[in-house]
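So the structure is just underneath, and the comments pick up after that.
The values are calculated or read from the model by the stated rules, or taken from the named source; none is laboratory data. Please read these numbers as outputs of a predicted model, since none were measured by experiment. Here Cβ is always computed from backbone atoms with ideal geometry, including for glycine, and neighbour counts include all displayed protein chains.
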Amino acid sequence: DRLQDDRDTTEPMAVEVPEIVERWAEALLSGDGATYSAVYTEKGVNTSSGGEHREKTYADSTTAPMADMWFSYITLSEVKPIRVFADGDTVFVEWEWSGTSSTLERGGADQTSFSASAFTAFELEGTLIARSDTYFDYEQVFN
């Protein structure tokens, strides 16, 4: 007998940036943890990875303070979508980020400019984000 592959082989389609993903980008630009956590479902998950760095937060009472801590080390001036694809409730975005950042060693002071590519996979639930996984070059962003 031959093995039957029942997976959906539909290719993701290029789409416009969904409104909730625009709100996510605006929240990054705002630098405000409460604004950022408001785009997630009550049990939403945010993961970011950059090289050896990996951070996972949940969209509960810990998300806003953790985002505020992250924003104390980075100020984004541009979060520009380059390519956007969707497959059902999953949206994939390639970004170009720019701004200024510091490192833990510099304690958030002495910020330097950066420009970097990032990639985010979003799982949407209604009008909110249930999960986001963002990948970027940590050394390029936090130089």
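Taking the residues in segment 13-25 that are part of a helix (DSSP H, G or I), farther than 15 Å from THR63 by Cα and touching a residue at least 12 places away in the same chain (Cβ under 8 Å) as candidates, determine which candidate is farthest from the chain's Cα centre (by Cα).
Going through the qualifying residues, I end up with GLU19.
Only residues that are assigned to a strand (DSSP E or B) and either surrounded by fewer than 19 Cβ atoms within 10 Å (Cβ to Cβ) or of a type in the set (S, T, N, Q) (or both): list them for segment 87-103, please.
ASP87, THR90, PHE92, GLU94, GLU96, SER98, THR100, SER101
Among all residue pairs at least 6 apart or on different chains, which show Cβ distances below 6 Å where the first residue, located in segment 40-56, is modelled with pLDDT of 85 or more and the second is polar (S, T, N, Q)?
From segment 40-56, the pairs are ASN46/THR57; ASN46/SER132.
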